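Visitor: Sharing a structure here in structure tokens format.
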Amino acid sequence: MHRRRLLEVLSSTIMTGFPAGGEAKTSSVVVAGAGIIGASIAFHLAKRGARVTVLEKLRPGSGATGKSFAWINSTFSKQPRSYYELNSLGIAGWRRLQLELGAELQVQWGGSVDWYPSGAEADELRRAVQRHQQWGYATHIVQEAEFHRLLPRISAGPLGVACFSEPEGTVDPMHALGVLLKKAQQFGARLEYPCEVTGFTLANDRVRALETTQGPIAADVVVLATGVDTTRLARLAGVNVPLKESPGVLAHTTPQERMLDRVALAPGAHIKQNPDGRIVTGSGFSGSPVTDTSKEFGVKLLRNASRFLARLKDVPLESVTLGHRVLPQDEFPIIGFCERCPNLYIAAMHSGITLSTLVGQLAATEILDGITVELLKPYRPSRFA
Ligand SMILES: Cc1cc2nc3c(=O)[nH]c(=O)nc-3n(C[C@H](O)[C@H](O)[C@H](O)COP(=O)(O)OP(=O)(O)OC[C@H]3O[C@@H](n4cnc5c(N)ncnc54)[C@H](O)[C@@H]3O)c2cc1C
């Protein structure tokens, strides 16, 4: 879809909303997986009047979503330009949803501040800022005075290059998930858990029913939003969804007085504060192989972050989480109907928090209107056929 057209679609939703019980052509959709992607697709489908059932094998948010840093962004790893545009529209999707749902949905806007001491990484950051500025992203290099205004409690250490990326935000992922599921249910969606999808009844290459631990469930369309389990489940329908192993560990503190109004991307430590006051920090965000969830490792993460936010030295650790990123082999989303099994819709992606509201809306369009959204074309499951 042309970018301008897509923005029109997004903004028309802001202004009018979709009527419940609208013109949905597909009568019954089963969404497997109650993470942020399944929840957003279910919400957007139910709002359009589809009969939606969400099946979750454990409990909502028990996959990557509940263990996510949940920074909504389109910064520098988002390349090439088409993928950057997709993530920028993802940010717009959260703005749209917040206008639609009002105060019930808490998104902390405020942007992010990223910095490095002088050296190769600082030079790379400067180049990345210039590239993203050329693509239209509201990011800019900041000097010390602006840095301290943006992050007054942070001691940056020697500042080589720093930048402020204004359009970004963050959510508490479990809060956002809860809101989407509640709204989906208000529009008539059914949420079943624990209920594990164990297989499919296929006829003429189409899924007729899902086999589940609660018995068979018939469906006109099946959405697989089962996170890292998607590879195994899709294979049962003859579809290849290759994912890479990518664990990530985060330390969470007990609720604290407000220290941060934006995401701090310090060298070697990402730090944010949820609306409830909990500070969340992790390191090694580009596919670190760390899987240690011991208290000692959590304390080490807090100590690492306290190099920049000194008050973290005295703050109690509440929990350490290990999440497995839903990271496709080529690192781009895998989304859309499958050629092999035309009523099976796959939705597996990293940066799923950023992308969830957008892909929820676009997936509902593809499923209910029989439209192929051009914006999603590079990301079809068929590229791995
Ligand atoms: C440490 C970490 C940091 C991250 N940071 C960011 C970030 O800053 N910004 C960002 O945008 N993204 C981030 N991500 C990525 C983002 O969290 C994920 O892309 C997103 O949560 C994926 O959501 P999902 O719904 O696809 O998968 P999941 O949240 O994994 O949900 C899948 C659900 O399906 C269920 N399920 C599995 N198998 C079955 C079955 N057979 N039957 C029924 N249910 C089943 C699971 O129990 C699970 O609840 C991060 C991820 C991690 C791990």
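The values are calculated or read from the model by the stated rules, or taken from the named source; none is laboratory data. Note that the structure is predicted; figures quoted are calculated from it, not measured. When we count neighbours, we look across all protein chains shown, and the Cβ atoms used for this are built from the backbone with ideal geometry, even at glycine. Please note that ligands, DNA and RNA were not included when accessible areas were found on the heavy atoms of the full protein model with its side chains. Shrake-Rupley method; radii C 1.70, N 1.55, O 1.52, S 1.80 Å.
Visitor: Among the residues in the stretch 204-217, are any in the same structural domain as Phe337 (by TED's automatic domain parsing), of a type in the set (Asp, Glu) and out of contact with any helix residue (DSSP H, G or I) (no Cβ under 9 Å at 6 or more places or on another chain)?
Guide: yes
Visitor: May I pose another question? Find the residue count for the stretch 29-46, including only residues that are away from the ligand (no atom under 14 Å from the Cβ) and part of a strand (DSSP E or B).
Guide: Adding up the residues that qualify gives 1.
Visitor: Take the stretch 230-246 and flag every residue that is open to solvent by 10 Å² or more (accessible area, probe 1.4 Å), within 11 Å of the ligand (Cβ to nearest atom) and touching a residue at least 12 places away in the same chain (Cβ under 8 Å).
Guide: Listed by number, the residues that qualify are Thr231, Leu236, Leu243.
Visitor: Take residues that are open to solvent by 50 Å² or more (accessible area, probe 1.4 Å) and more than 20 Å from Ser112 (Cβ to Cβ) and tell me which of the strands (runs of 3 or more DSSP E) falling wholly in the stretch 251-330 contain 2 or more.
Guide: 317-324
Visitor: Give Gly49, Gly111, Gly61, Gly93 a once-over and let me know the one that is near the ligand (Cβ under 10 Å from one of its atoms), crowded, with 18+ Cβ neighbours inside 10 Å and not aliphatic (A, V, I, L, M).
Guide: Working: Gly49 fails: near the ligand (Cβ under 10 Å from one of its atoms); Gly111 fails: near the ligand (Cβ under 10 Å from one of its atoms); Gly93 fails: near the ligand (Cβ under 10 Å from one of its atoms).
Of the residues listed, the single one that is near the ligand (Cβ under 10 Å from one of its atoms), crowded, with 18+ Cβ neighbours inside 10 Å and not aliphatic (A, V, I, L, M) is Gly61.
Visitor: Which one of these does Thr139 not meet: (1) free of Cβ contacts under 8 Å to residues at least 40 places away in the same chain; (2) more than 25 Å from Lys67 (Cα to Cα); (3) of a type in the set (Ser, Thr, Tyr)?
Guide: Answer for Thr139: the failing condition is (1).
Visitor: Just to be sure, is Val222 crowded, with 22+ Cβ neighbours inside 10 Å, among the hydrophobic types (A, V, I, L, M, F, W, C) and assigned to a strand (DSSP E or B)?
Guide: Working: crowded, with 22+ Cβ neighbours inside 10 Å: yes; among the hydrophobic types (A, V, I, L, M, F, W, C): yes; assigned to a strand (DSSP E or B): yes.
So Val222 passes the test.
Visitor: Give all pairs with beta carbons closer than 7 Å in which a residue from the stretch 166-179 that is under 30 Å from Gln133 (Cβ atoms) meets a residue that is assigned to a helix (DSSP H, G or I) and of a type in the set (Val, Ile, Thr); count only pairs at least 6 apart in sequence or on separate chains.
Guide: Once the first residue is under 30 Å from Gln133 (Cβ atoms) and sits in the stretch 166-179, its partners that are assigned to a helix (DSSP H, G or I) and of a type in the set (Val, Ile, Thr) give Pro167/Ile91; Glu168/Ile91; Val171/Ile353; Pro173/Ile36; Pro173/Thr65; Pro173/Ile353; Ala176/Ile36.
Visitor: Now a separate question. Taking the criterion of being open to solvent by 10 Å² or more (accessible area, probe 1.4 Å), polar (S, T, N, Q), modelled with pLDDT of 95 or more and in a helix (DSSP H, G or I), would at least one residue in the stretch 6-28 satisfy it?
Guide: no
A quick yes/no check of all residues on (1) assigned to a helix (DSSP H, G or I); (2) farther than 20 Å from Ala32 by Cα; (3) under 18 Å from the mean Cα position of the chain (by Cα):
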{"position": "Cys341", "(1), (2), (3)": "no, no, no"}
{"position": "Ile346", "(1), (2), (3)": "no, no, yes"}
{"position": "Gln361", "(1), (2), (3)": "yes, no, yes"}
{"position": "Ala364", "(1), (2), (3)": "yes, no, yes"}
{"position": "Ile367", "(1), (2), (3)": "yes, no, no"}
{"position": "Thr372", "(1), (2), (3)": "no, yes, no"}
{"position": "Leu376", "(1), (2), (3)": "yes, yes, yes"}
{"position": "Arg383", "(1), (2), (3)": "yes, yes, no"}
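Visitor: Next question. Take the residues in the stretch 191-210 that are more than 10 Å from the ligand (Cβ to nearest atom) and loosely packed, with under 15 Cβ neighbours inside 10 Å; name whichever of them is nearest to Leu236 (Cα to Cα).
Guide: Top of the filtered list is Thr201.
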